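Visitor: To start, I am sharing the structure in question, which I have written as structure tokens.
What follows is calculated from the coordinates using simple rules that are stated; it is not laboratory data. Keep in mind the model is a prediction, meaning the values are calculated, not measured. For neighbour counting, all protein chains shown are included, and Cβ atoms are generated from backbone atoms with ideal geometry for every residue, glycine included.
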Amino acid sequence: MSEGIRLTGLRVRGRHGVFDFEKRDGQDFLVDLHVRADTSAAQRSDDLADTVDYGALAERAAAIVAGPPFDLIEALAAAIAEDLLAECDDVEVTVHKPQAPIERAFADVSVTVRRRRAAGAASCASAADRPGAAVLSLGSNVGDPAGAIEAALTALDRHPRLRVLARSGLYATAPQGGVEQPDFVNTAALVAAEMPARELLRVCQGIELALGRTREVRWGPRTLDIDLVRFTPEAPAPTAARARGLVPEAPAPAPAAAGPAGASADLADPGHAAGRADGSMSGPISGSMAESIDVDGPGSHNATATSAAATPAVDAGVDAPEAELASADPELLLPHPRAHDRAFVLVPWLELRPHAALAVPGRGEVPAAVLASELAGQGVRRLPDGEAGA
């Protein structure tokens, strides 16, 4: 057996067949998938981002089987295989029709189709390699915190492959962790990134470095943190099967409501808003960003950019934890394992995305508004326009 991923016995009700009664009454179809792929990276990392998500394969195949009918299972198998090339480069699909209208006794009838990406064609990126939408949390408590945050947002928006879609107001948070220091100033931003999460992280690190970030005392003062809280990869490009209407399109974006005016929290290390299990950030620095930053940011630190809800690049998927990138790589921990108990992350985030939810260990999916309310009264307050907060 060649190396790869096999999924067998996927049972889906469909209406495929030559006869009218088959299209009218339907029957169960079984689908087997064999993805030929090198799984060595996932074997080493134990990270879903380094392999093909067989759950995504199953859902794509099931959507086609349950969709508009084909006369022949040959055509059905081909449609599934072509669609799955959005997730992998080499796939074999077998469609079984155990209730086929055959007058003789039989055990099964099946058709197998294999599809491979054409030589020279661009390989479909895994979720970790796709561009997407990011929720960033920014914090500072040294020098001019509001100015540092504004300079960082300006640098992000000037990057040719990034766009700041929306940002929250500024919030002051009392320091925690036993180190005497000024209050932190925190904000959140929603960014459209024409780059994968790891590259976005490096850009953020380059901006931090250019604005004087140093890593000396854990839980200590910070010139600037730009931390990646959530990254939602773009869906794969539409395939031939989707274009023919065999796979339903994503629902239209849901309208966003106004966010909360503020909440409060008393949490550890507010300067390390999110992005790492230990509050730190590591990895290569983007030198090109460090060389091109204009530290004179916009004047009004609470001015909100274009509404994320009104931006085509963002839909309701950015609010759902099941759509976000999951990575256990110490260089790129996503989603942040403690974002759910940090109000200085949640409250600015809710201002941008009031319907956001997080996956909380032991609780499942919980609305961010519920989590923030549970942390009320612990030291996060919204700053008026013009107040630096430090």
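Visitor: Please work out how much length the chain gains when fully extended from ALA359 to ALA56, using 0.36 nm per residue of separation minus the C-alpha to C-alpha distance, in nm with one decimal.
Guide: Length gained between ALA359 and ALA56: 107.2 nm.
Visitor: May I pose another question? Classify the range 1-51 as rounded, prolate or oblate, taking a ≥ b ≥ c as the square roots of the eigenvalues of its Cα gyration tensor: rounded when a/c is under 1.5, otherwise prolate if a/b is larger than b/c and oblate if not.
Guide: Judged from the Cα gyration tensor, the range 1-51 comes out prolate (a/c at least 1.5, a/b above b/c).
Visitor: If each residue of separation counts as 0.36 nm, what is the full-extension length gain between ASP108 and GLU234 once their alpha-carbon separation is subtracted?
Guide: Result: 41.5 nm gained on full extension.
Visitor: Now a separate question. Charges only on Cβ, +1 for Lys and Arg, -1 for Asp and Glu: so what's the dipole of the range 27-132 about the Cα centre, in debye to the nearest 20?
Guide: Approximately 220 debye in magnitude.
Visitor: Taking a virtual spin label 7 Å from the Cα of ASP341 along the C-beta vector, which residues in the range 179-198 bring their backbone nitrogen under 20 Å of it?
Guide: 179
Visitor: Further, regarding this structure: Can you tell me how much longer the chain between ASP329 and VAL370 gets when fully stretched, taken as 0.36 nm per residue apart minus their C-alpha distance, in nm with one decimal?
Guide: Extending this stretch completely gives an extra 11.9 nm.
Visitor: Does the range 49-106 come out rounded, prolate or oblate by the C-alpha gyration tensor, with a ≥ b ≥ c the root eigenvalues, rounded set by a/c under 1.5 and, if not, prolate when a/b is larger than b/c and oblate if not?
Guide: It is prolate, given that a/c is not under 1.5 and a/b is the larger ratio.
Visitor: If I model a spin label at ARG161 and GLU322 as a point 7 Å from the Cα along the Cα→Cβ vector, what separation in nanometres do I get?
Guide: 3.0
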